[in-house]
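Each remark here refers to the structure printed beneath this line.
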Amino acid sequence: MKFVSIIVPCFNEEESIELFYNTVKPILEEIHMISYEFVFVNDGSKDRTELVMKELSLKEDCVRFVNFSRNFGKEAAMLAGIEAAKGDAVVLMDVDLQDPPELLPEMIHEWHDEGYDVVYTRRSTRSGEPPIRSWFAKQFYKLINNMSDVHIVDGARDYRLMDRKAVDSFLQLKERNRFAKGLFMWVGYRSKCLEFENVERAAGSTSWSFWKLVHYAIDGIVSFTIVPLRWATYFGFFSASASFLFMFYVIFKKIFLGDSVSGYASMVSIMLFFGGIQLIFLGIIGEYIGRIFIEVKARPHYITKEQSEDMEVVKGKRSTTLVVRRNS
């Protein structure tokens, strides 16, 4: 019998945890070819998420948890859950039930019976999303796929099943600036995609604002391609060549035609334009340098304040012991 770990990152999700568990567990119980565990990761929540997770782990032997010392972000939470997972396969799911649990039997079938190492999902529609957000998302996937050697499927979710060998390969990637969607694709292995229509959150509200998604997109582009730096180089050559030709034109016009040099306003406009372009490219270079700075510091991806393994059984009851664990 195969063992499957369900990884569930949580941030301010006190309303969703028990609903998620009570929805997903019956589906897993109907799959007789597997046993399972849940690993909830509390990403520094400000509400009762930590308490709800602990109470659930006390009641259910199949539930484990990892509790961060503060908020480190979803990428770190997914990594912590994957590192803590004991399963022959790992499934990443969002606790808000926007990842349809009904797909789990098919995902496990494709892995267990059909031999796929990775079974990932994508949304076939973006119904329910603001139109401007959907448009920017589509443009992001077009842009990054044109610039990167790794193809990232438009609408791909973090909701996926990975075989243990794919998990072990993923964990070999030690970079600090993590863009999981790209890293999952970069690892490779035999994969299959399952599609589903967009589903509304079961409870709570999303913590992903528009600008957080913009920053996430920038992280993805900078993590998987150096094309923006090449653009800066190409534009530099182009502007230098154009200015060199224009200089000859001005000299020729002055010597042979006797025209005086004029156009103060146009020159100022051109100078401001190229000054703005230089600042943009300095910002692009700064993004890459900033990530080098973060990598060189080599800080851990997260710090675990407490996890279920730290809970001791005393006279049939569990008492918690806070332990600070540093993970790289």
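The values are calculated or read from the model by the stated rules, or taken from the named source; none is laboratory data. Note that the coordinates shown come from a computational prediction; the quantities given were computed from them, not determined experimentally. Neighbour counts run over all protein chains shown; Cβ positions are idealised from the backbone, glycine included.
Side notes on the structure shown:
- Residue count for the stretch 95-147 satisfying the condition of being in a loop (DSSP other than H, G, I, E, B), touching a strand residue (DSSP E or B) at 6+ places or on another chain (Cβ under 7 Å), of a type outside the set (Val, Ile, Thr) and modelled with pLDDT of 75 or more: 4.
- Condition check for Asp158: over 29 Å from Ile226 (Cα atoms) and either touching a residue at least 24 places away in the same chain (Cβ under 8 Å) or surrounded by fewer than 18 Cβ atoms within 10 Å (Cβ to Cβ) (or both): no
- Looking across the stretch 172-186 at every residue that is in contact with a Ser or Thr (Cβ under 7 Å, 6 or more places away or on another chain) and closer than 24 Å to Ser124 by Cβ, the one that is surrounded by the fewest Cβ atoms within 10 Å (Cβ to Cβ) is identified as Gly182.
- If the condition is being closer than 16 Å to Glu287 by Cβ and either in contact (Cβ under 8 Å) with a residue 12 or more places away in the chain or surrounded by 14 or more Cβ atoms within 10 Å (Cβ to Cβ) (or both), then the stretch 229-243 contributes Leu229, Trp231, Ala232.
- Exactly one residue out of Leu79, Leu97, Leu104 is out of contact with any Pro (no Cβ under 9 Å at 6 or more places or on another chain), closer than 21 Å to Glu15 by Cα and either outside the structural domain of Asn22 (by TED's automatic domain parsing) or among the hydrophobic types (A, V, I, L, M, F, W, C) (or both): that is Leu97.
- Test result for Pro9, under 16 Å from Asp158 (Cα atoms) and of a type outside the set (A, V, I, L, M): yes
- Only one entry of Ala85, Ala89, Ala76 meets the criterion of being out of contact with any helix residue (DSSP H, G or I) (no Cβ under 8 Å at 6 or more places or on another chain) and modelled with pLDDT of 85 or more, and that entry is Ala76.
- Single residue of the stretch 1-36 satisfying the filter (small (Gly, Ala, Ser) and not in a loop (DSSP other than H, G, I, E, B)) that is nearest to Asp96 (Cα to Cα): Ser5
- Qualifying residues in the stretch 47-71 (those that are touching a residue at least 60 places away in the same chain (Cβ under 8 Å) and surrounded by 22 or more Cβ atoms within 10 Å (Cβ to Cβ)) - the one farthest from Phe20 (Cα to Cα): Phe68
- Residue within the stretch 297-309 that is modelled with pLDDT of 75 or more and over 22 Å from Ala77 (Cβ atoms) present: no
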